[in-house]
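Written out below as structure tokens is the structure these notes cover.
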Amino acid sequence: MTPFDYRVPTSAGAAVDTVAANPAAVFLAGGTNLLDHLKLGVAEPEVVVDVNAVTSDEIRDDDGGGLWIGAAVRNSDLAADRRIRTRYPAVAEALLSGASGQLRNMATAAGNPLQRTRCVYFQDTTTPCNKREPGTGCSAVGGYTRYHAVLGASDQCVATHPSDLAVALAAFDAEVQVLGTGGTRVIPFVDLHRLPGDAPERDTVLERGDLVTAITLPALPIAAKSRYRKVRDRASFAFALVSVAAALEVEDGIVRDARIALGGVAHKPWRATNAEEALRGMPADEDSYRRAARLELADARAVAGLDGGNAFKIPLVARTLVAVLRELGGAR
Amino acid sequence: METDVTLRVDGAEHDLRIEPRTTLLDALRERVGNTSPKRGCDHGQCGSCTVLVGGRRVLSCLTLAVRCHLAEVTTARGLGQSGPHPVQQAFLDHDGFQCGFCTPGQICSAVGMLSEFSQGHPSHASADVAAEPDLTESEVAERMSGNLCRCGAYANIVPALLDVAGGS
Ligand SMILES: Cc1cc2nc3c(=O)[nH]c(=O)nc-3n(C[C@H](O)[C@H](O)[C@H](O)COP(=O)(O)OP(=O)(O)OC[C@H]3O[C@@H](n4cnc5c(N)ncnc54)[C@H](O)[C@@H]3O)c2cc1C
Ligand code: SF4
Ligand code: FES
Ligand code: FES
């Protein structure tokens, strides 16, 4: 680990100014991803700005019936919050399926969606990687692909976003409150993360110095009956191969509304708008669910690899989606 | 570059002058001389470095020591300062370890886990996250999944913890 200066800013604005002014400065929240990267040599900042004391660790009811979640709320506290558990159970389930009890006590609401990919080549500084070192190539194509993307990837990068929480937030129309050098702004959560395109080094649309101050969830009655299902290589303490966050509103056997996002399949949490659209007004049955999954995955493309490639993820995510919808919609 | 930090470890204060990049694990082991937390993976993957900070279980390998200035840090050694803690006694009664490398982390994690459970926190093993959880075998296994044991003592750790939870 290279040495760095540790700073505790006196205000959120001061934290923004420090990082905006210095390309070698980074924010520190729970540190569970940043410390790992410091040790691996993936990140070599000169200045580490601890934002824990200048961001909120409170969860508040907002005027519109939604929730305002401070950036510094720990993942475990968010998952244990009664309002999250009853109004947005898939958010609690997503958090609880991630990492371990110790890590969830450290990880924050802002840090979790801003964690970087777990692509093994990204984390290994001895291998080429366009995300870590633009222009060096992508070692994953033809390499180890099990955790890599089947939707929205580019020639440059086939990495996936690893956060579970982010998948549930994408499904439920969350928003991100950002403080930058130009003041505050709000970004729809689904627009926070980018597809890799020809700039895989950029995970999100945030600019240097942008500090996430809070994440908000709107009032969303449909989310009260929601599920997060994660498929992984072992039963606990493992990242998702694929995952599904969904909520379904069914009336008289007809789907009135749906919210769906997929995890483990793309460079960003994948809001499944095609599947949602295909479900509205259709009978809540197996045929509709399968059709929705097929439409959403029409452009899915596997990556070839020395582990046999990741083609298995396309039917896996389709089956997982159908299973979650069946559970939410009632078996018919 | 160096900075002053006061760590309160198992009830005793330690004034240290450290580099900001020093992890809590390294500060405890190499500066305070408390080798109870172990360095297993150093990357958050094994749980052997688990300590309690302000009563909550965290990984000392992914925590900067400078962030713990004046915070109460408790290690497994501290838990046993005045005779074995109930969780330590249960590990003894149930043979909850073999080589013992993972054990201080397991003990701290279990103490934190039982406190989370008593506050009604749900887990991935809870069928309904909105309901009050029950501490079943699968709940204990899930809540302790951040602590790996190369000797595979899990089969005795889970009954040990069910025993403590039932007896408290
Ligand atoms: C062994 C292991 C297993 C894991 N398993 C899972 C899993 O199954 N599912 C899952 O979802 N996650 C998993 N994680 C990842 C973990 O959840 C993340 O590391 C954590 O959520 C990151 O949050 P943090 O607060 O610790 O972020 P930090 O490490 O502090 O920061 C992460 C990034 O966000 C930036 N940042 C932090 N706060 C802000 C802010 N307010 N504004 C702008 N930028 C900010 C930092 O500069 C840094 O780049 C695992 C981690 C480990 C080590
Ligand atoms: S998939 Fe992306 S992160 Fe992984 S090696 Fe290729 S460029 Fe790097
Ligand atoms: S040494 Fe900290 S988790 Fe392994
Ligand atoms: S007792 Fe040996 S590693 Fe757990």
Q) Within the bounds of segment A:25-38, is there any residue that is part of a loop (DSSP other than H, G, I, E, B), open to solvent by 40 Å² or more (accessible area, probe 1.4 Å) and either among the hydroxyl-bearing types (Ser, Thr, Tyr) or closer than 20 Å to A:GLN177 by Cα (or both)? A) no
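Checking the conditions here, which among A:GLU296, A:GLU286 is among the charged types (D, E, K, R), away from every other protein chain (no Cβ under 14 Å), in contact with a helix residue (DSSP H, G or I) (Cβ under 8 Å, 6 or more places away or on another chain) and crowded, with 24+ Cβ neighbours inside 10 Å?
On the way: A:GLU286 fails: crowded, with 24+ Cβ neighbours inside 10 Å.
Residue meeting the stated conditions: A:GLU296.
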Q.
Pairs needed: first member in segment B:105-121, free of Cβ contacts under 8 Å to residues at least 24 places away in the same chain; second member anywhere, surrounded by fewer than 19 Cβ atoms within 10 Å (Cβ to Cβ); C-beta distance under 6 Å; at least 6 residues apart or different chains.
A. B:GLY120/B:GLU132
Q. So which residues in segment A:107-126 are in a helix (DSSP H, G or I) and either open to solvent by 10 Å² or more (accessible area, probe 1.4 Å) or polar (S, T, N, Q) (or both)?
A. A:GLY111, A:ASN112, A:LEU114
Q) Is there a residue in segment A:70-84 that is β-branched (Val, Ile, Thr) and either at pLDDT below 95 or not assigned by TED's automatic domain parsing to the domain that holds A:PRO9 (or both)? A) yes
Q. So A:ASP17 fits all but one of (1) open to solvent by 30 Å² or more (accessible area, probe 1.4 Å); (2) not in a helix (DSSP H, G or I); what number is the exception?
A. (2)
(Q) From the list A:GLY209, A:GLY143, exactly one residue is away from every other protein chain (no Cβ under 14 Å), within 12 Å of ligand 1 (Cβ to nearest atom) and open to solvent by less than 10 Å² (accessible area, probe 1.4 Å). Which is it? (A) A:GLY209
**Q.** Residue identified as in the same structural domain as B:GLY33 (by TED's automatic domain parsing), open to solvent by 30 Å² or more (accessible area, probe 1.4 Å) and either more than 16 Å from ligand 4 (Cβ to nearest atom) or within 15 Å of the chain's Cα centre (by Cα) (or both) among B:THR74, B:THR63
**A.** B:THR74
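The values are calculated or read from the model by the stated rules, or taken from the named source; none is laboratory data. Source: prediction; values computed, not measured. Methodologically, a virtual Cβ is constructed for each residue, glycine included, from the backbone with ideal geometry; neighbour enumeration extends over all protein chains shown. Please note that ligands, DNA and RNA were not included when accessible areas were found on the heavy atoms of the full protein model with its side chains. Shrake-Rupley method; radii C 1.70, N 1.55, O 1.52, S 1.80 Å.
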